[in-house]
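Okay, structure first, notes after.
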């Protein structure tokens, strides 16, 4: 009996050693990131016992080339969940190969901007997963903010620099990446097209900088340019907005997870915190020339050294993580607020279960799907350089 038991243990150990490894860099800046990784690993490995997922955590410095051990550009894996700001860098460096056709969903199943952000020219390198961009959130009863289409109209609706305390703009205007992105958004609102915008990324355009100065004047003293608030996790701006501080909130869609988590987990009935039904959204205006939404696309790209067995395992992972059930597991976590991430998969925006928990999905899609998805060689570093300069020059509210 004992000998048989030893055989069974030895066989189990042997089977474990024979499991193939699939090494993946996941995009780290999503709500409840660690829990999502645990659930993905557990669920996938139950279905594919022959494969072990190994996740590479770059949450400390995904975007920073100055941190070589944690920078996406230096990582080595089989699959990379890649922000579209890096796509051209990875392709030019020869780090990736195209996917087997079995891994690619039909175009009509994806948001249009998701497809744009996963391609260079006519070649699709990425399997789109999430899309993101900044939005203007406000109380559904605030009709003045629902009509704003220019920075001047936003100023007028909020009351300019003389706005009442606690009725200001709530957003994060600190940090290299954050301000570089705001600068690019402002450039698109002002110049409209990538061909024009790209001419203003080497030297800061004074008119675009002035737009960002204008935004700081719409914030309350102590907010927007606060380093401690910038570093806070989860972000303080969503939590403050949930409690009625601030008339408008600017951020990615997942900022609403912060709002609703505060309402669900920390507010008492007496606090009268905002519920999902109390919030509305429009495109965020950063200039007076027009609205030209931009978006980023997080897509899975395949390492150049991924061989035929690796490709088969990678395709199995893509099939798993692109399923409605797994998407909804991430979007609608049991017992917590919806993450409000924006899926690349179009059908989820009309899913009854998703919309019942997070009613803004159809409107968010209508804003983001027509967005540009900029990418260029060295774009991340250009934007971070611009953001660093702006961070040293923008005034404190």
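Scan segment 353-361 and tell me whether some residue there is touching a strand residue (DSSP E or B) at 6+ places or on another chain (Cβ under 6 Å) and more than 23 Å from residue 37 (Cβ to Cβ).
yes
Please go through segment 138-162 and pick out each residue that is touching a helix residue (DSSP H, G or I) at 6+ places or on another chain (Cβ under 9 Å), surrounded by fewer than 19 Cβ atoms within 10 Å (Cβ to Cβ) and part of a loop (DSSP other than H, G, I, E, B).
If the condition is that a residue be touching a helix residue (DSSP H, G or I) at 6+ places or on another chain (Cβ under 9 Å), surrounded by fewer than 19 Cβ atoms within 10 Å (Cβ to Cβ) and part of a loop (DSSP other than H, G, I, E, B), then 140, 141, 142, 147, 150 are the ones that fit.
With 181, 185 as the choices, which residue is assigned to a helix (DSSP H, G or I), under 29 Å from residue 359 (Cα atoms) and touching a strand residue (DSSP E or B) at 6+ places or on another chain (Cβ under 6 Å)?
Result: 185 is the single residue among 181, 185 that is assigned to a helix (DSSP H, G or I), under 29 Å from residue 359 (Cα atoms) and touching a strand residue (DSSP E or B) at 6+ places or on another chain (Cβ under 6 Å).
When segment 207-238 is examined, which residues are found to be assigned to a loop (DSSP other than H, G, I, E, B) and without any contact (Cβ under 8 Å) to a residue 24 or more places away in the chain?
Hits for segment 207-238 are 232, 233.
Values in this text are rule-based calculations from the coordinates and carry no lab data. Everything quoted here is computed from the prediction, not taken from an experiment. Methodologically, a virtual Cβ is constructed for each residue, glycine included, from the backbone with ideal geometry; neighbour enumeration extends over all protein chains shown.
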